[in-house]
Amino acid sequence: MEHPSSPTQSSSPSTKVTSVTSTGAAEGSPTAFLAELGEEIQHAFSKNRRVMSFGEFYALCKQHPQRHARGVAQYVKDVFDHYGTEDIVTPRGTQVRFKLFDCPFAGSRDRLIGQEEVQGRVYRAISNFVRDGRISKLILMHGPNGSAKSTFASCLMRAMEHYSTLEQGALYRFNWIFPAQRLTRGGIGFSASPQAHGSGPGISDSYAYLDDDQIDAKIADEIHDHPLLLMPTPRRQKMIDEAVAKTGGGFVPCEYLYQGDLSPRNKEIFEALLVSYKGDFLKVLRHVQVERFYVSRRYRHGVVTVEPQMSVDASAQQITSDRSLAALPAALQSLSMFSYSGELVDGNRGVIEYSDLLKRPLEAYKYLLGTVEHGRVPVHTQILYLDEIFISSSNELHLNAFKEIPEFQSFKGRMELVRVPYLLDFTQEQRIYDEQVRPAAVGKHVAPHASMVAALWGVLTRMRKPLIERYDKSLQEAVGKLTPLDKAFLYAQRRPPAGFTREQTKDILGAIDQIWGESDPYPIYEGRTGISPRELQTLLLNAAQNPHWRCLSPFGVLEEIEELTKAVTVHEFLKQEPLPGGYHENKKFVVQVREELLSVIDEEVRTAMGLVDESQYTGVFSRYVNHVSHWIKKEKLVSPHTGSLEEPDEKMMSEIEKTIGVTAKREDHRKDLIRHIAAWSIDQVHGQVQGQAEKTQPGQAAPGKPKGLMHLDYAAIFPQHFQLLRESYFAERKKILKKTNEDLLVYLTDEEEQGGKGAGPSSMGQSIDKESVERVRSTLSTLIERYHYCKYCARDAISFLLRKRYA
């Protein structure tokens, strides 16, 4: 960047032109960099309006009254709303997720995965505070250790930090400024026309912009009193009422601003100055410097986490004796002023989190009864009035003990209990470990499905045996047959259990939400017991150090899980007695997870070989349905080959029915098949109409029916039939699969032994022909590129597959 006034320099091959910045420094030099940085910070300081007079702040409030006259409940609700929501489709239906918990402001780092119901309940509680105009309850999140209670609070606080840096999230407090005595002429020691500027509407000669050498004393406000509290209550209320009127009733004033007052020290200073100035309110406001502050967990501004401790969370200390009396005007020298400190003070106008609240002795938090309900806390000889949201956490053990004490009833009405269970969807839990256990963190390649086996086993330990008496008779038989593995796949993938009739499958899929919430009224609810995600994360890290595996292998994870199941005296969930249906059988869960892993690997290898084509199954089944439909209607159909009319192919239909295990009468089965397709189509049409109706604007008629033809997803309608078709298809090709797998294992073993030079003579005394080598290389390439295997974990997976499936 060249300075406009710098002289033009001639250039030649031996002369280098040096650009000069506005500061006279060469561009790219440290001095130029610092100068540019200084300009950026100064520009940001002015743009963000870090400091202003009260008059300027009042003008800002008149311009954006809802933004600057809101309490903390409205502020936190606006934080939720600012980042928006998205609809999450789950096997239980559509749920609303607040995007702030994805931490978009931090590149999704340390985000909260799952727990959409918890997000909704906390948002509802905060919305109730807004409607009520005051914060009257403490939000107590309770659940087992490691269920993401702290992560929830952390995400919310980080979102508040980011939001406070935005224009719409600006927060302001104020300081008292007392100019230097050398500038004063008469009065009580203040200049009638000091060297100041930035006066703003109705206030002349503000001291807000005085330089430090022109200031004798500055009293900062650590309690973050809102600047509007400096206004007389009637005029402040009138201003807020005008803001409400502009919104048409959509803005609810908070009690803290509408009826509140200054903190004791600020009130004493204000009254002393008002008396000294003989009631001249504008002269008092000259001493007010409005300052923007930012929410910060590190510096405890507006968000604070309180660990279990014994002391009350606020205190006062006299400051008059610690300050030179000569630095203050005479009107203030006789006041006994106090400074305030503690978590409650630091968290004012924000959120305070009490981590493991109930680990404290009861006496340590009795003061919260009054603080939560009335927003006040006594300190020393004074009472502080606060505007902050109280969030706390507790595990179930301490909460149950707390419920047994007589004082619980007093606290109960002042608490909003929000249950935070362990995740029951293993695909969500897997995402937690995928983000935590990365190659950079573990120092080696992470094999596919390493996190999946940990997540699936973890969820199985949390499953609760259904209480069939809570269901209708039509459901009792099907629900009673559910195993922990059935429930895990039902919750995560809406996968119906094997061996169920079509009617049972339909009933179970329609009752997923009922099954999920069955245990909610009980103290031992589903998701309360089982292994903690924290322990599984440690288990994954231990598996990464297993010297027997070159990668973080799912087989290494299973070995660690088997070792963990032996520590019966360490983990409470391992002490549970097994129940009928396979519940709490944690060692057997390892076998079941290993079988699921085997099936997934088998499917991936088949696909990599090019032997899997879903359209092939769909085409066969679609042709079968077409022939069945014409057979029932006793009609002929057009041959796709000759174009002539022909009878439905009975041989083809019988072969398909044999493959999918039809045992009912031929006619009954075929009619039932068509009825099932028709019922599915009606459900889909109803769902589309309802979805379009929900998107319809108020007062707008909902559409009568969705446009377009209904696409029949046979794989979704008949998942068990499709699975049987797959198994039949691969049973016929088992020899090909086995041979290819063996060739692949030989190729990988030889390549490692020969330093990656490719397949050669096998250590097993075999060799691979050229055609097989090409097929093996193509398969391996797909495994690596599509499924993210490396050569080592691919070899481990193929070896495992050959031993267990193709031996």
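Below is a table of values for the structure above.
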quantity: D_trans [Stokes-Einstein, Kirkwood Rh over alpha-carbon pairs] for segment 453-573, 4 °C, 1.567 mPa s, µm² s⁻¹; calculated: 80
quantity: Built amide H within the under 5 Å cut-off of Leu552, gap 5+; calculated: His445, Val446, Ala447
quantity: Assigned charges on the beta-carbon of Lys, Arg, Asp, Glu; segment 510-608 dipole about Cα centre (debye); calculated: 340
quantity: Per-bin percent of Cα-Cα distances, segment 113-163 [10 Å]; calculated: 21, 50, 27, 2
quantity: Residue-wise HN-Hα coupling along segment 331-345, computed from phi with Karplus coefficients 6.51, -1.76, 1.60 (Hz; x: Gly, Pro); calculated: 5, 9, 5, 8, 7, 9, 9, 10, 9, 10, 8, x, 5, 5, 5
quantity: FRET efficiency, Arg235 to Glu469 (Cβ-Cβ, R0 56 Å, nearest 0.05); calculated: 0.30
quantity: Lys588 paired with Glu603, simple spin-label distance in nm, labels 7 Å along Cα-to-beta-carbon; calculated: 2.4
quantity: Charge dipole (debye, nearest 20) of segment 442-503; +1 at Cβ of Lys and Arg, -1 at Cβ of Asp and Glu; calculated: 180
quantity: Distant-in-sequence amide H partners of Val96 (H built 1.01 Å from N, under 5 Å); calculated: Ile88
quantity: Residue-by-residue Karplus 3J(HN,Hα) for segment 128-133, coefficients 6.51, -1.76, 1.60, Hz, glycine and proline x; calculated: 5, 4, 5, 5, 7, x
quantity: Contour minus Cα-Cα distance for Thr663 and Arg805 (0.36 nm per residue); calculated: 48.3 nm
quantity: FRET efficiency estimate (nearest 0.05) - Cβ-Cβ, Glu404 to Lys634, R0 51 angstrom; calculated: 0.10
quantity: Cα→Cβ-extended label distance, 7 Å offset, between Lys62 and Ala441, nm; calculated: 5.4
quantity: For segment 377-520, the Rg and Dmax computed from alpha carbons only, in angstrom; calculated: 22.0, 74
quantity: Extended-chain gain in nm, criterion 0.36 nm per residue less alpha-carbon gap, Ile88 and Ile784; calculated: 247.5 nm
quantity: For segment 40-102, diffusion coefficient by Stokes-Einstein and Kirkwood Rh (Cα), 4 °C, 1.567 mPa s, µm²/s; calculated: 87
quantity: Segment 404-474: radius of gyration over Cα atoms, expressed as a fraction of 2.2 N^0.38 Å; calculated: 1.78
quantity: Two-decimal ratio, segment 539-684, of alpha-carbon radius of gyration to 2.2 N^0.38 Å; calculated: 1.69
quantity: Normalised alpha carbon radius of gyration of segment 351-421 [divisor 2.2 N^0.38 Å]; calculated: 1.15
quantity: Top positive-direction residue, dipole computed over segment 504-591 with Cβ charges, set Leu579, Leu509, Val590; calculated: Val590
quantity: Whole-number D in µm² s⁻¹ for segment 210-265, Kirkwood Cα-pair radius fed into Stokes-Einstein, 37 °C, 0.692 mPa s; calculated: 244
quantity: Segment 503-584: C-alpha pair distances exceeding 22 Å, %; calculated: 47
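We did not get these values from a lab; they are worked out from the coordinates using the rules stated. From a predicted model like this one, the values you see are computed outputs, not experimental measurements. Here Cβ is always computed from backbone atoms with ideal geometry, including for glycine, and neighbour counts include all displayed protein chains.
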